[in-house]
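The values are calculated or read from the model by the stated rules, or taken from the named source; none is laboratory data. These numbers were taken from a predicted model, which means no experiment stands behind them. Positions of Cβ are backbone-derived with ideal geometry, glycine not excepted, and every protein chain shown enters the neighbour counts. In case anyone asks, the SASA skips ligands and DNA or RNA and just uses the protein heavy atoms, side chains included. Shrake-Rupley method; radii C 1.70, N 1.55, O 1.52, S 1.80 Å.
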Amino acid sequence: SLTCFDLVVLLDFRYCCHLFIFGNGVEWNPQLLEVPPQTQFDYTVTDLAGGPKPHSPYDSQYSRTTLKGGMLAGQLTKVGMQQMFALGERLRKNYVEDVPFLSPTFNPQEVFVRSTNMHRNLESTRCLLAGLFQRQKEGPVVIHTVQADSEVLYPNYQSCQNLRTRVRGRKEAATSQPQISEDLKEVKEGMGLDSSIEVDFFILLDNMAAEQAHSLSSCPTLQRFAQVVEQRAVDTALYVLQREDRESLQMAVGPFLHILESSLLTSVDPATPPSERRKLYLYATHDVTLIPLLMTLGIFDHKWPPFAVDLTVELYQHQQSKEWFVQLYYNGEEQVPRGCPDRLCPLDQFLNAMSAYTLSPEKYHALCSQAQAVGSEE
């Protein structure tokens, strides 16, 4: 039999409204921002060292865009809050009710929480924790974050010049691929968009998904091309982050894989002081994190990650042999990651398979700066 020792949950929190580009657009009424009472849960935000919350350049950028109806861009809506609360309740059923692994109330000695420094992600985390612990806590709820130029919970194109250079060229090249360019032209024509307007399938998918989630619709063409838009967005992402280019995937998610590895090794090390052990490590990220991460794990299903999706890594120890195992779930479904013989994967085999993509901070910064070195020689 196995004993569960540790959970690492990675989440996609992009449940928000985005900038809408076509027609007169739908109206985004500020009433969509009303907070459902069951999702309320007090929390504070600090940096990793416990200092003040860093400035968020992304929130500053969103605040400069007002959508039709009065809402600012990039905000979490009550639909998203309810979705995240429901995800928290699902995790509660799995790890509190069905298996009494986590305490029924939030305990800071059991749970570590980190989010990217965007208000909608922090609020999404709040809603999930409210569902997971039913708004009950035994101590302060602290969500940790870092400043934008140090963030590794998403591919950091601003700080990693090597990655930015590679992706920029491939993104431009992707739009000229025959099937992608032909479908984009057809969709733009159907929407009545001028050919000079810069629109890609990422923007179209974000708009379409947000409208569908809120039962809103401003463009019949997008409804008609829904499957094409999602497929071409995936095709573009796969062209940009090519599986054959190991270094690009390393720069995209290698630092996070290092965090995951460190969390697992800390949990299995008998020398780890109890004060440094956590039962749950919760990371609030984005769809652009999950796609390359799923690619490195060998479990990407070629579908764009849905809103409020979770990737969970469970750590177990065999009671007799004392061997360690991991088990993965994506969106609640069991997965067999690359390099693993079965759904219950020996920890050493899992870490060995991931080592092809894992990057320590030192190796990450060295790889990111290679483009600068090449550029200075030209």
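Structure values in brief
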| quantity | calculated |
| --- | --- |
| Selected residue (criterion: nearest to the chain's Cα centre (by Cα)) from residues of the range 279-309 that are open to solvent by 50 Å² or more (accessible area, probe 1.4 Å) and within 26 Å of Phe133 (Cα to Cα) | Pro306 |
| Residue in the range 27-37 that is open to solvent by less than 50 Å² (accessible area, probe 1.4 Å), in contact with a Leu (Cβ under 7 Å, 6 or more places away or on another chain), within 15 Å of Asn121 (Cβ to Cβ) and at pLDDT below 95 present | no |
| Residues (modelled with pLDDT under 90 and hydrophobic (A, V, I, L, M, F, W, C)) located in the range 349-378 | Ala371, Ala373, Val374 |
| Qualifying residue in the range 288-308 (condition: outside any helix (DSSP H, G or I), closer than 23 Å to Ile143 by Cα and touching a residue at least 60 places away in the same chain (Cβ under 8 Å)) | yes |
| Residue match in the range 323-339 (condition: open to solvent by less than 30 Å² (accessible area, probe 1.4 Å), in contact with a Gly (Cβ under 9 Å, 6 or more places away or on another chain) and not in a strand (DSSP E or B)) | yes |
| Out of Leu344, Leu351, Leu367, Leu328, sole residue that is over 15 Å from Leu260 (Cα atoms) and in contact with a helix residue (DSSP H, G or I) (Cβ under 9 Å, 6 or more places away or on another chain) | Leu367 |
| Residues of the range 81-124 satisfying the condition of being surrounded by fewer than 17 Cβ atoms within 10 Å (Cβ to Cβ) and among the β-branched types (Val, Ile, Thr) | Val99, Thr105 |
| Contacts under 9 angstrom Cβ, first residue in the range 248-266 being closer than 11 Å to Ser355 by Cα and of a type in the set (Asp, Glu), partner modelled with pLDDT of 95 or more and open to solvent by 10 Å² or more (accessible area, probe 1.4 Å), 6 or more apart | Glu261/Leu351; Glu261/Ser355; Glu261/Thr358 |
